[in-house]
Amino acid sequence: MYCGGYTGKILRLNLTERTAREESLPLETARDFIGGTGLGIKYLFDEVPAGIDPLGPENKLIFAVGPFTGTTLPATSRMAVTGKSPLTNAVGSALSGGYFPVELKRAGYDALIIEGKADKPTYISIREGMVRFRDSAKVWGLKTTDCQQIIKDDLNDQNIRVACIGPAGEHLSKLACIINEYRAMGRKGLGAVMGSKNLKAIAVRGNGSVAIADQEKYDHARKEMLAAFKESPVLYPVFSKLGSSCAFTATTELGIFSARNWTATGAFVPIKEIGVDAQEAQKIGKTGCFGCPVACARLSLAKNAPYTGTLSEGPEFETQYSFGGQTGVDNLDAIIAADRLADELGLDTISAGVTIGFAMELSEKGLLTSGDTGGMDITFGSHQAMLALLRMMAYREGIGDLLADGVKAAAQRIGNGADRYAMHIKGLELPAYDVRGAKAHGVNYATAYSGADHNRGYAPQEIFGMPIPYAVDRLSIEGKGKLAKWNQDIQTALADCPTICSFTALMALLEHGAEIVARLMEGVTGLVYTPEEILRVGERVNNLARAFNVREGFTRKDDTLPERLMTEPIPDGPSKGQLISKEDLNRMLDEYYTARGWNLTTGAPTRGKLTELGIGYVADALGL
């Protein structure tokens, strides 16, 4: 029986049958996986068979919040959406904040499971205990802001919260994301999964509240959490003021701000043009997620033609990279405009920008001709081409159809050695950090269950010099396999499952976070954990995600890096000459697999490890 934190209910929505059914969330499942990403991956493994088409009706989308969502804890209005990724064919799990997560919890649910396919464009409304499948013909084809507003008008409720796809999701671009307000459930192409189901949007309004199991214990643990936030040397003094753009300064100082499709790291460093000072000059205000005192989101206004008057929430650091460094564009107004346009079209900014940068390099190398581009000049630094390509990718027009499914698919279609320039891992385009100069970050990219994903196991020890659990030399390979495993597990346990914003968890909760989260879980839910058991949840989730990928055919050979990172050194700057050789990567992988207790040859979890984690049934499913 649940005492607090959880509603104890799952809402299963079958689009084919147009049915809604409430189910109980098993207490054992809640205890072992907590919430968020944990619940998503648990239901994905158990309910989605191996080998299904990610864009077929057999795939599912699981929207899951955590037990902390909807409480008075700061930075906890978070949720995960999980499904089989059409971009990678691996686990796809994307996180988002804003107001939608709290609204879902107040509506009475720990998770939504979306299955099947509607026979026509549809949106779902959930409010006052009623679920309705509604015709979305009026909003099909609209960009995300207009879609959200018209649904609010249609339902006569300006306070309802809407998660929707844009034209990119409707056209099944594998770079499509899901947008609520300006918050993106980005990466992995889950917007295309939503589009494949003819589902334009989900609108939620709730009036419930979240029970607290033990108010005294909750209050004490909450004070600990708030104290950790205040004591962080970076959370309020830096991150709250600058947002994720503070990483721009760190990466440029280290010489690992990736540029021009990873050919000009350390050489193209547009600090003056698009760095922190330039962004501060364009900032007109800031905002934040529900109940978050950090309020890290910047509101930026483009001030120069042809983008004058364009407002965007952001751009975040990764978007500075993807629409700035990666494309060689040093026009901040254009980056602001591209950020806003990507949100409106429902395109993941990282994958979209990396794909455009890839196309720019191919154009300069002659692998894409003017005939391929329709006469458009696609070269590094062309902000006009960047904006045009975003539109074309979302609507699959012209060369946009070639690029709409990301660099791996485009390289396969182009041939002629184009794959050498496709910067991805397992099909997922690389984020900002040039891991040739940050080796634990590199192991994480290679092994993360979703592909090249900095959020799966961010290495603050290398990027910001955090000595937790110990200080490291970012250029050394020693101990980096173990460190990557630790980072992946602790971030899953502290942030992705309860749920807490991963930025705040990294900056304020790494050292004592397991203890604080254990006490918070007892106060909120009444479930008692040791700090070690909290960390074990992170390990369990990562093992289950790995098992899903193994069942889909992934092996050690897929835990690799793009050829460029293993053979071409960083050309200039503080990390000049650095790379991760195949030999060094293999040494770090051996250490990583050993730390995980996985098979060194295949990279698969062992029966012993799965049994130890209490998910021995997974070994049977894998035939181990």
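The values are calculated or read from the model by the stated rules, or taken from the named source; none is laboratory data. Every value quoted in this text rests on a predicted model; they were computed, and no experiment measured them. A quick note on method: Cβ atoms are made from the backbone with ideal geometry, for glycine too, and the neighbour counts reach across all protein chains shown.
Numbers below:
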item	result
Which numbered condition residue 267 fails, given (1) crowded, with 19+ Cβ neighbours inside 10 Å; (2) at pLDDT 95 or above	(1)
Residue list for region 181-199, restricted to those being part of a strand (DSSP E or B) and at pLDDT below 95	183, 184, 185
Subset of region 36-45 that is on the phi < 0 side of the Ramachandran plot and touching a strand residue (DSSP E or B) at 6+ places or on another chain (Cβ under 7 Å) - its residue that is surrounded by the most Cβ atoms within 10 Å (Cβ to Cβ)	37
Test: residue 218 is more than 24 Å from residue 429 (Cα to Cα), of a type in the set (Phe, Trp, Tyr) and in contact with a helix residue (DSSP H, G or I) (Cβ under 6 Å, 6 or more places away or on another chain)	yes
Contacts under 9 angstrom Cβ, first residue in region 46-65 being more than 22 Å from residue 201 (Cβ to Cβ) and buried (at least 16 other Cβ atoms within 10 Å of the Cβ), partner at pLDDT 95 or above and aromatic (Phe, Trp, Tyr), 6 or more apart	48/548
Qualifying residue in region 216-224 (condition: at pLDDT 95 or above, assigned to a helix (DSSP H, G or I), crowded, with 17+ Cβ neighbours inside 10 Å and in contact with a Phe, Trp or Tyr (Cβ under 8 Å, 6 or more places away or on another chain))	no
Criterion violated by residue 305 - all others in (1) at pLDDT 95 or above; (2) within 28 Å of residue 165 (Cβ to Cβ) satisfied	(2)
Breaking point among (1) touching a helix residue (DSSP H, G or I) at 6+ places or on another chain (Cβ under 9 Å); (2) crowded, with 24+ Cβ neighbours inside 10 Å, for residue 121	(2)
Checking residue 242 against (1) at pLDDT 95 or above; (2) buried (at least 18 other Cβ atoms within 10 Å of the Cβ), the condition it does not meet	(1)
Where residue 405 falls short, out of the listed (1) surrounded by 22 or more Cβ atoms within 10 Å (Cβ to Cβ); (2) over 22 Å from the mean Cα position of the chain (by Cα)	(2)
Selection count where residues are among the aliphatic types (A, V, I, L, M) and part of a strand (DSSP E or B), scope region 98-124	5
Scan of region 413-432 for residues that are under 21 Å from residue 255 (Cβ atoms) and within 15 Å of the chain's Cα centre (by Cα), ordered by number	430, 431, 432
Lone qualifier among 4, 35, 51 - being closer than 29 Å to residue 455 by Cβ, at pLDDT 95 or above and not assigned by TED's automatic domain parsing to the domain that holds residue 105	4
Residue in region 496-515 that is nearest to residue 467 (Cα to Cα), counting only those that are outside any helix (DSSP H, G or I) and of a type in the set (Val, Ile, Thr)	500
Pairs with Cβ under 9 Å, 6+ apart, first in region 305-322 and on the phi > 0 side of the Ramachandran plot, second assigned to a loop (DSSP other than H, G, I, E, B)	309/302; 309/303; 314/182
Members of region 549-581 that are assigned to a helix (DSSP H, G or I), surrounded by fewer than 16 Cβ atoms within 10 Å (Cβ to Cβ) and within 27 Å of the chain's Cα centre (by Cα)	557, 563
Leading residue by the ranking (farthest from residue 97 (Cα to Cα)) among those in region 282-333 that are touching an Asp or Glu at 6+ places or on another chain (Cβ under 8 Å) and aromatic (Phe, Trp, Tyr)	307
Residue under evaluation residue 175, criteria (1) in contact with a helix residue (DSSP H, G or I) (Cβ under 6 Å, 6 or more places away or on another chain); (2) at pLDDT below 95, criterion not met	(2)
Residues located in region 362-411, provided they are touching a helix residue (DSSP H, G or I) at 6+ places or on another chain (Cβ under 7 Å) and farther than 15 Å from residue 352 by Cα	362, 363, 367, 368, 372, 373, 374, 376, 377, 379, 398
Hey, residue 487 buried (at least 24 other Cβ atoms within 10 Å of the Cβ) and either farther than 22 Å from residue 95 by Cβ or touching an Asp or Glu at 6+ places or on another chain (Cβ under 9 Å) (or both) or not	no
Flag if residue 41 is touching a residue at least 24 places away in the same chain (Cβ under 8 Å), part of a helix (DSSP H, G or I) and under 26 Å from residue 164 (Cβ atoms)	yes
Qualifying positions in region 323-377 - farther than 16 Å from residue 406 by Cα, over 21 Å from the mean Cα position of the chain (by Cα) and buried (at least 24 other Cβ atoms within 10 Å of the Cβ)	329, 332, 334, 337
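Residue-by-condition table, conditions (1) closer than 24 Å to residue 70 by Cβ; (2) of a type in the set (Gly, Ala, Ser); (3) assigned to a helix (DSSP H, G or I); (4) free of Cβ contacts under 8 Å to residues at least 40 places away in the same chain:
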| residue | (1), (2), (3), (4) |
| --- | --- |
| 410 | no, yes, yes, no |
| 455 | yes, no, yes, no |
| 466 | no, no, no, no |
| 494 | yes, no, yes, no |
| 517 | yes, no, yes, yes |
